Amino acid sequence: MMRRILLIGPQGSGKSTQADLLSQFLNIPKISTGDIFRDLSKENSEQAAKVKEILDQGRLVDDTLTATIVKNRLQETDCQNGFIMDGYPRNIHQVQLFDPGFQKIIYLKTPKEELLKRLMARGRADDTREAINTRLDLYFSQTQPLLDYYKNQGILVEVSGIGDVSQIQNEIKKSI
Ligand code: AMP
């Protein structure tokens with residue numbers, strides 16, 4: 001069975017952790033564009049240096065480059081039974097460039113105060129206060145509108161991002 005699932009939610013909603021668990025449970029890979037770009041930024045090239053600067057500022061990598069990378073990644077053989085997507089698309093333009101054809105979108109709904117608290121505690125290298133604010137602003141202005149797009153397709157489910165990790169994972173499993 002081919003499963004194409006997107007976990008969507010703001011930074012700090014726990015989507016990466018939940019995507020890892022779901023990936024193990026369904027035995028299909030997690031595709032994280034954030035991980036792909038963090039790896040890319042460590043390479044020794046002009047493109048890598050550009051990507052690193054964007055990540056450090058919390059801005060979005062170019063849509064066309066992102067869509068191409070995702071499209072190519074999904075053609076690899078480990079994705080033939082499906083995948084859990086974490087981080088793509090981030091805006092409507094990206095879906096227009098490449099739409100992975102999701103069957104289910106799981107929205108991890110989490111209030112903003114909770115996000116700020118978690119993000120400041122996480123301490124990832126690109127988690128400066130400025131980058132966090134930029135990423136949250138971008139999420140609410142550009143990524144959140146995707147929820148309506150998917151709601152209209154009737155494939156969106158909402159799961160609360162508040163609670164303990166295993167409880168949230170159970171809610172996610174029930175929804176798929
Ligand atoms: P994440 O780990 O999902 O928080 O992503 C980390 C960073 O990678 C983001 O702040 C962006 O700079 C970049 N990134 C991840 N996914 C995308 C995407 N779909 N489009 C553009 N940039 C992205």
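Values quoted throughout were computed directly from the atomic coordinates according to the rules given, and no laboratory measurement underlies them. Worth saying up front: this structure is predicted, and the values here are computed from it rather than measured. Here the Cβ positions follow ideal geometry from the backbone for every residue, glycine too, while neighbour counts run over all protein chains shown.
Its DSSP H runs of at least 4 residues, each contributing -39,500 (n - 2.57), put the calculated 222 nm mean residue ellipticity of the chain at -15500 deg cm²/dmol, to the nearest 500.
If a/c stays under 1.5 just call it rounded; otherwise compare a/b with b/c (prolate if a/b is bigger, oblate if not). Do that for segment 1-142, with a ≥ b ≥ c from the square roots of the Cα gyration tensor eigenvalues. Judged from the Cα gyration tensor, segment 1-142 comes out oblate (a/c at least 1.5, b/c at or above a/b).
Taking each residue as 0.36 nm, the span from Phe140 to Met120 lengthens on full extension beyond its C-alpha to C-alpha distance by 5.4 nm. Taking 0.36 nm per residue of separation and subtracting the Cα-Cα distance, full extension of the segment from Leu147 to Gln24 would add 41.7 nm. What the phi angles of segment 21-29 give under the Karplus curve with 6.51, -1.76 and 1.60, with θ = phi - 60°, is a coupling list of 5, 5, 4, 5, 5, 8, 6, 10, x Hz, glycine and proline written as x. Residues Ile92, Ile105, ranked from the fewest to the most other C-beta atoms within 10 Å, line up as Ile92, Ile105. Approximating the spin labels as points 7 Å out from Cα along Cα→Cβ, the Ile54-to-Lys42 distance works out to 1.9 nm. Straight-distance candidates among the aspartates and glutamates for linking to Lys151, with alpha-carbon spacing under 19 Å and chain neighbours fewer than 8 residues away dropped: Asp86, Asp99, Glu171. Each pair of Cα atoms in segment 1-55 enters the Kirkwood radius, and Stokes-Einstein at 37 °C and 0.692 mPa s then converts it into a translational diffusion coefficient of 256 µm²/s.
Under 1.5 on a/c is rounded, so check that first for segment 87-176, then, if it is not, pick prolate when a/b is larger than b/c and oblate when it is not; a ≥ b ≥ c are the square roots of the alpha carbon gyration tensor eigenvalues. Show your work: numbers first, answer last.
Numbers: a/c = 2.20, a/b = 1.19, b/c = 1.85.
Since a/c reaches 1.5 but b/c is at least a/b, the shape of segment 87-176 is classed as oblate.
Residues whose amide H falls under 5 Å from that of Lys30, counting only those 5 or more places apart or on a different chain, are Ile84, with hydrogens built in the peptide plane. Take Glu158, project a point 7 Å from its Cα along the Cβ direction, then tell me which residues of segment 108-126 have their backbone nitrogen under 13 Å from it. So the set is 108-111. Sparse packing (at most 15 other Cβ atoms within 10 Å of the Cβ) combined with a DSSP loop state is found for the following GluC sites (Glu not before Pro) in segment 68-147: Glu76. Evaluate the distance, in nm, between pseudo-label points positioned 7 Å from the Cα of Val165 and of Cys79 along their respective Cα→Cβ axes. Taking the simple label geometry, Val165 and Cys79 are separated by 2.6 nm. Reducing segment 104-134 and segment 1-35 to their Cα centroids gives an inter-centroid distance of 16 Å.
In the chain, once you exclude exposed trypsin sites (Lys or Arg not before Pro) (DSSP loop, at most 16 other Cβ within 10 angstrom), what's the longest stretch remaining? For trypsin sites (Lys or Arg not before Pro) (loop position, at most 16 other Cβ atoms within 10 Å), the longest site-free span of the chain is 60-123.
Based on alpha-carbon atoms only, what is the radius of gyration of segment 7-90 relative to the globular estimate 2.2 N^0.38 Å? Walk me through the numbers before you get to the answer.
Values: Rg = 13.3 Å, N = 84, 2.2 N^0.38 = 11.8 Å.
This ratio for segment 7-90 stands at 1.12.
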